[in-house]
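Worksheet for the structure shown next.
The values are calculated or read from the model by the stated rules, or taken from the named source; none is laboratory data. All values reported here derive from a predicted model rather than from experimental measurement. Cβ placement follows ideal geometry from the backbone for every residue including glycine, while neighbour counts extend to all protein chains displayed. Calculation scope for accessible area: heavy atoms of the full protein, side chains included, ligands and nucleic acids excluded. Shrake-Rupley method; radii C 1.70, N 1.55, O 1.52, S 1.80 Å.
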Amino acid sequence: MSELKATPKAISGPSNFIDDRIGAGSFLKRNMRKIFPDHWSFLLGEIALYSFIILLLTGTFLTFWFQPSMGHVEYSGPYAPLQGVMMSEAYASALELSFEVRGGLLMRQMHHWAALLFVAGMMVHMLRVFFTGAYRKPRELNWIIGVLLLTLALAEGLTGYSLPDDLLSGAGLRITEGVAISLPLVGTYITFFLFGGEYPGVDIISRFYSLHILLIPGIILALVSAHMVLMWVQKHTQMPGKGRDNKNVVGAPFYPAFMLKAGAYFLFTFAVIAGLGTFAQINPIWIFGPYNPADISAGSQPDFYMGFLEGSLRLMVPWEINLGGTNTWGTLPLSVIIPALVPMGIIMTGLALYPFLEQWITGDRREHHIADRPRNNPHRTSIGMAAIAFYGVLWLLGANDELSWVFSISLNWTTYIGRVAVFVLPVIAYIVTYRICLGLQRSDAAIIGHGVESGVIKRLPHGEFIEIHTPPADDIEAHMRGKEAVPMVPVLVDSAGIPPKGMRGPIGKLRARMSRAYGGEKIPMDDGHGHDGHGDDHAAIGAGGDDKSITH
């Protein structure tokens, strides 16, 4: 028995050697028992992480055969419809990967699906963080890293999407060139640097290849590592609930519970991507053919994450400014500059600045380790839904030609409707979301004040029928009572009624008004005496003992 309990020398020897020199034993013991909260929404970020790992693995496989060259060759591979066609080496090698390399098509499709899931996972994860207020102090830096990661993921997707040099990716490159060259002063220089001369040039594939497999992934890997280290040091946020506060974490230890869960979730993510790569065809480049600047096809669509930029280009009115009057010495094509820069600028800049703007409006500089329920900060949730509506309209109208064709609607009318909807729908989304949040808060207050419906109907002595309500379960009640009022900037006045110096000017007055609107308690949590302290004639709390316990 003693031999069975003894640690094998092959393990104890190296372990003692490392522990004696770098003290890894105490470090591992401390961190392996780190507690992680248990909530399904916390797994959304892991989808992006695991997709990124799969991207690195499949991308490494693809680099062994892909040729990032725009040199012309004649195709002589097994795909008969393209035999004898002149094409770039990049496109020819992508066809070789698809038809001649064992497992090549599976790796290509898994790589593409993993890229889509990577961006989608980051988007959903950022929405979870935003709606729950998990970006607040001390996590502002990690939020900024997340915004940078999303921006780099879009750039990584663009460069990878362009590498096969097929007709579809070439159409996207043409749009990229048009956006780049429209930039004032620097547009021509940027275009010539990227393409190596006049479009399409001879260097764009090789330069995008270097960006795609070296520079951008390296930066993403560094930022992901920093993101994980900060999360580990600052500890994970947790949802409100029984026994949870800003000074503890309730959950399961990293080892073995979280490691087993994370390992299973990685395998599940891998299985989903492998299944999609096997059964769901994506980016069939052999159908599109090689890129030729003189060719174009109808119905071409980018990957979903670039759809909102496509939509902004299609919706924009044809504005331009000719500098110099009739003797024009320069043109500002606003119809390209505005849709290329403004939507991206609004979304990314708004995301990056929001934690600091909220802190300025509310004056809240406390540390927050308990996440908000979205309903309990209705203005923040409404702003998020308005941004989703703005993004969604642009994304949907990126396919206005397909919508027009499928539903037999005038293409012009889809454009006109989109130009109105991009301004109107975010406002509607804000108002509707705000009212829904208040309604959900009232529902919570009613449950706290009157309990939950039991389904038991009772008749009172005077003939009235009521439904018996029972107190909510402890964990549900604790989850609801985790709500706290949104802070407001305290505006203290002196004996003469004069506010402090920082709140006297126009900016200070604006801050005070915004704070009053954004903060405060919108729907107070009921104390058991009806909505907002008023009685409720038809609420019966308790198990329904004798009739004297029923108040009405």
Only one of 262, 271 is closer than 19 Å to residue 54 by Cα, under 26 Å from the mean Cα position of the chain (by Cα) and exposed (fewer than 12 other Cβ atoms within 10 Å of the Cβ), namely 271
Of the candidates 446, 387, the one satisfying the condition of being aliphatic (A, V, I, L, M) and either under 19 Å from residue 131 (Cβ atoms) or open to solvent by 40 Å² or more (accessible area, probe 1.4 Å) (or both) is 387
Notebook entry, point to check: Has region 337-355 got any residue that is hydroxyl-bearing (Ser, Thr, Tyr) and more than 29 Å from residue 118 (Cβ to Cβ)?
Noted result: no
Checking the structure you have, find out if any residue of region 244-254 is within 14 Å of residue 31 (Cα to Cα), part of a helix (DSSP H, G or I), open to solvent by less than 60 Å² (accessible area, probe 1.4 Å) and in contact with a Lys or Arg (Cβ under 8 Å, 6 or more places away or on another chain). yes
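Could you check, for region 432-455, whether at least one of its residues is under 20 Å from residue 301 (Cα atoms), modelled with pLDDT of 90 or more, among the small types (Gly, Ala, Ser) and in contact with a helix residue (DSSP H, G or I) (Cβ under 7 Å, 6 or more places away or on another chain)? Let's see the steps before the verdict.
Residues of region 432-455 that are under 20 Å from residue 301 (Cα atoms), as a first pass: none.
Scanning region 432-455, I find no residue that is under 20 Å from residue 301 (Cα atoms), modelled with pLDDT of 90 or more, among the small types (Gly, Ala, Ser) and in contact with a helix residue (DSSP H, G or I) (Cβ under 7 Å, 6 or more places away or on another chain), so the answer is no.
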If we keep only residues of region 209-222 that are touching a residue at least 60 places away in the same chain (Cβ under 8 Å) and open to solvent by less than 40 Å² (accessible area, probe 1.4 Å), then the residue nearest to residue 87 (Cα to Cα) is 209
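Any residue in region 407-429 that is of a type in the set (S, T, N, Q) and at pLDDT below 90? Steps first, answer last, please.
Step one: list which residues in region 407-429 are of a type in the set (S, T, N, Q), which gives 408, 410, 412, 414-415.
With the extra rule that they be at pLDDT below 90, the set shrinks to none.
Checking region 407-429: not a single residue is of a type in the set (S, T, N, Q) and at pLDDT below 90.
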Of the residues in region 180-200, those that are loosely packed, with under 14 Cβ neighbours inside 10 Å and either under 31 Å from the mean Cα position of the chain (by Cα) or part of a loop (DSSP other than H, G, I, E, B) (or both) come to 184, 185, 186, 197, 198
Scanning region 76-102 for residues that are touching a residue at least 24 places away in the same chain (Cβ under 8 Å) and in a loop (DSSP other than H, G, I, E, B), the one least open to solvent (accessible area, probe 1.4 Å) turns out to be 101
Practice task
Test residue 362 against the stated conditions and say whether it is touching a Pro at 6+ places or on another chain (Cβ under 6 Å) and more than 24 Å from residue 308 (Cβ to Cβ).
Solution key: yes
Picked from region 469-491 (must be among the hydrophobic types (A, V, I, L, M, F, W, C) and surrounded by fewer than 18 Cβ atoms within 10 Å (Cβ to Cβ)), the residue nearest to the chain's Cα centre (by Cα) is 485
*asked:* Among the residues that make up region 364-373, is at least one of them of a type in the set (D, E, K, R) and buried (at least 20 other Cβ atoms within 10 Å of the Cβ)?
replied: yes
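Restricting to region 310-334, count the residues that are in contact with a Lys or Arg (Cβ under 8 Å, 6 or more places away or on another chain) and open to solvent by less than 20 Å² (accessible area, probe 1.4 Å). Working first, answer last.
Going residue by residue through region 310-334, those that are in contact with a Lys or Arg (Cβ under 8 Å, 6 or more places away or on another chain) are 315, 317.
Then keep just the ones that are open to solvent by less than 20 Å² (accessible area, probe 1.4 Å); that gives 315.
So the count comes out to 1.
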Taking first residues from region 240-251 that are touching a residue at least 60 places away in the same chain (Cβ under 8 Å) and second residues anywhere that are among the acidic types (Asp, Glu) and surrounded by 14 or more Cβ atoms within 10 Å (Cβ to Cβ), the pairs with Cβ under 8 Å that are 6 or more apart or on different chains are 251/38
Residue pairs qualifying under the 7 Å Cβ cut-off, at least six apart or on distinct chains, with the first in region 288-309 being on the phi > 0 side of the Ramachandran plot and the second being charged (D, E, K, R), are 289/166; 299/401; 299/402
All conditions in (1) more than 30 Å from residue 177 (Cβ to Cβ); (2) in a helix (DSSP H, G or I) are true of residue 409 except (2)
### Message
Can you find a residue that is modelled with pLDDT of 90 or more, open to solvent by less than 70 Å² (accessible area, probe 1.4 Å), touching a His at 6+ places or on another chain (Cβ under 9 Å) and over 18 Å from residue 396 (Cα atoms) anywhere in region 335-344?
### Response
no
